[in-house]
Amino acid sequence: MRPTVGRIVHYYLDPERDRTVIADLAEYGMVGGPLAAIITWVAEDRITLCVLTPLPITSGDRKVSSVWTPVVAEPSETPMPGRWMWPPREGAS
């Protein structure tokens, strides 16, 4: 599949780059698994994502939005930190 603006993908958090988000989610027992992200820009070898979280994220000492952007990420065929991949299709064989 070819990435296009507006498509939803899975983004896997990077323990180094996304540590604040990981800490916020861990506070509520939400550890592991991908986050939903929307493709907001496409280049030849990279895309920019708007990543959605189920909780507000921290900015300094206050909680802000549950959306953060941009995340420039490369694709992956398997789950890898800091990378995105297409969500699995339900019922696909």
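The values are calculated or read from the model by the stated rules, or taken from the named source; none is laboratory data. Note that the structure is a prediction, hence the values are computed from the model and not measured. Cβ placement follows ideal geometry from the backbone for every residue including glycine, while neighbour counts extend to all protein chains displayed. Side chains are part of the model used for accessible areas, which takes the heavy atoms of the whole protein and leaves out ligands, DNA and RNA. Shrake-Rupley method; radii C 1.70, N 1.55, O 1.52, S 1.80 Å.
General observations
- Residue count, the stretch 23-33 (criterion: out of contact with any Lys or Arg (no Cβ under 9 Å at 6 or more places or on another chain) and buried (at least 16 other Cβ atoms within 10 Å of the Cβ)): 1
- Pair list, Cβ under 8 Å, 6 or more apart: the stretch 1-13 residue buried (at least 20 other Cβ atoms within 10 Å of the Cβ), other residue in a loop (DSSP other than H, G, I, E, B) and aromatic (F, W, Y): V9/W86
- The single condition among (1) at pLDDT below 70; (2) open to solvent by 60 Å² or more (accessible area, probe 1.4 Å) that P54 does not satisfy is (1).
- Looking only at the stretch 57-93, and only at residues there that are more than 20 Å from D24 (Cβ to Cβ) and of a type in the set (S, T, N, Q), the one that is modelled with the lowest pLDDT: S93
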